[in-house]
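All remarks here apply to the structure that follows.
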């Protein structure tokens, strides 16, 4: 059952963190000031004036440069707006739940744990993605997946590790594209894009140890076969093998 998968084991979630490893990364002074300004903004009704730059700088006690950087961060997160001229200043912006979620994710960009956390989230969402593919995948979807597997085979023969890894993540994104759940598609493919961009950071062996690539190719081939045969039990078994293969790569 999905609930029994290793990705849902709290010990796996925290396994890469030791007592000597901080649970949160150090953040810059500008980011701290931005968070303080965002708290002030949330305490106001949307459109309310928070203050001028000079007033805010006096409150937070930082240099002009640090304040400007903090305001840039807060603006990028959509929590404040700046208006120039008479009556101008910094104002609380109208935000939605999705905007706030996006801002929080942006703040995690430099977290040293983000890649591993993203991988664990991918693993935890995989059962939903596979279930939806088993239920909804069409002949066109399966042909696209077969072509991705062929591209991975060609990349392996040509020694193109980067191309192989692009196919590896592309296969997973294509499986998830079948889902009728737009939120699942958005979150899952976002995680895949992050992992694709940072594959080397995730596991240097993934990009350099050619012995691991045939293992991944075999897993994708098996997954395609089980999805096409609508065999849920077998597809979930492949999923479990894939999660186990990640541990093997990390140890290599």
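Since every read-out is calculated from the coordinates, none of them should be taken as a lab result. Everything numeric here is computed off the predicted structure, so don't read it as measured data. Positions of Cβ are generated from backbone atoms using ideal geometry, with glycine treated the same way; all protein chains shown enter the neighbour counts.
Segment 219-238 to segment 31-49: how many Å between their Cα centroids?
49 Å
Between residue 43 and residue 114, what's the calculated FRET efficiency when r is the beta-carbon distance and R0 is 30 Å? Round to 0.05.
The value I calculate is 0.55.
At R0 = 22 Å, how high is the FRET efficiency between residue 84 and residue 29 if r is their beta carbon distance? Nearest 0.05 is fine.
0.30
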